[in-house]
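Undergrad: The structure's right below; bear with me while I get my questions together.
The values are calculated or read from the model by the stated rules, or taken from the named source; none is laboratory data. Fair warning: this is a prediction, and the values are worked out from it, not measured in the lab. FYI the Cβ positions are ideal-geometry reconstructions off the backbone, even for glycines, and counts take in every protein chain you see. All accessible areas refer to the heavy atoms of the entire protein, side chains included, with ligands and DNA or RNA removed. Shrake-Rupley method; radii C 1.70, N 1.55, O 1.52, S 1.80 Å.
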Amino acid sequence: MQQRPLTETAAGRMTAGVTGLNLRGRAVLLASDGSAAAQAAARVTAALERERGAVPEIVQVFDLRSYPAVPFLVEALGAADQLLGETAHDDQRLEVIAQLAGAAPEASNWPVHIGAGTPAVQIVTLAEKRNAALTVVGIRQHGRLDRITGDETTLLVQRRSSCAVLAVRADSDGLPRRIVAGIDFSRASVAAARAALDAATSDARLTLVHAQAPDGSSMSDDEHAVVHELGVASALEEIRAFLLNGLPTGSTVTIDTLVESALPSELLLSAAARLDADLIAIASRRHGRVARLMLGSVADDLTHACLTSLLLVPPAP
């Protein structure tokens, strides 16, 4: 039997199982805290409903960590049930809708889930229960005080979520048009780029960004194999072709590439600033302890910088 060319093998490894977000008819969970960023997230969610056929739902969680006098989880949940009876929940649902409907009138028609507990845990649990394709959260710039006090719900949702997470800046008013996607030649990074196109305008411009270490010391095994077989430029072109082939007929999306020697987070932030991007897309995690730690650091750096909205996508199955 004739062996397939190495280039076909490498390209197949990068793209196998990558299908995008598949938003039509699927739940998109909007996590609200009433902030300006949450209102921006509502505008983006409304655009996903109109333009991608998503089915939005809202969740707001009462943070039981605000009650330090309640020492145990069971007691905390019991106290929450007493404080937040059905009538109080109904009032809160109306308040949540009122907070969001000014920014996105469509929100008045979306189901609202009220929870109590640790916000990130409740948000991730509900997203899994609803089989959500995407969780949308607001993002704001985190200063040193925020890091000390633990105001990190967005970061915790990103770290725990099994579905894609779109963290939206407070100045966002619709789907992103100018996107940079971090590419390390893993399927997860290709999935992030593909998902970004599903959450973007139909005339978006996507730049595939690869941070190349001068000595290759930070490469994963997969990246080493792909670069060895294809070379960086050819590997990026394979990904570009795969993404273009998946676009609907008549799409005006454009895709280009950027390769520089730098740390991943630094290059992504620099590229986003230079290209005036409104979204950075990266994979949310990779296999292996060192890879998870490195990628987690990149996601944290991008979230804290808050120069753009941020899309984090789990690896393809």
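Undergrad: Round to the nearest 10 and report in Å² the accessible area of Phe242, as given by a 1.4 Å probe over the protein chains' heavy atoms.
TA: For Phe242, solvent-accessible area is about 60 Å².
Undergrad: Full-extension gain between Leu307 and Ser261, please, as 0.36 nm times their residue separation minus the C-alpha to C-alpha distance. Please list the in-between numbers first.
TA: Numbers: separation 46, 0.36 × 46 = 16.56 nm, distance 2.09 nm.
Length gained between Leu307 and Ser261: 14.5 nm.
Undergrad: Could you check the spin-label model distance between Leu156 and Arg93? Points 7 Å from the Cα along Cα→Cβ, value in nm.
TA: If labels sit at Leu156 and Arg93, their model points lie 2.6 nm apart.
Undergrad: Oh, and also: Report the gain in length on full extension from Asp171 to Thr19: 0.36 nm times residue separation, minus Cα-Cα distance, nm rounded to one decimal.
TA: On the way: separation 152, 0.36 × 152 = 54.72 nm, distance 2.95 nm.
Between Asp171 and Thr19, full extension yields an extra 51.8 nm.
Undergrad: Which value, in debye to the nearest 20, gives the size of the charge dipole of the range 152-193 about its Cα centre, when Lys and Arg are +1 and Asp and Glu are -1 at the Cβ?
TA: Values: 6 positive and 4 negative charges, 24 e Å.
Using only the charged Cβ atoms, the result is roughly 120 debye.
Undergrad: Can you put Glu266, Glu49 in order of accessible area, largest first, using a 1.4 Å probe? All intermediate terms of the calculation are to be shown ahead of the outcome.
TA: On the way: Glu266 110, Glu49 60 Å².
Listed by decreasing accessible area, they come as Glu266, Glu49.
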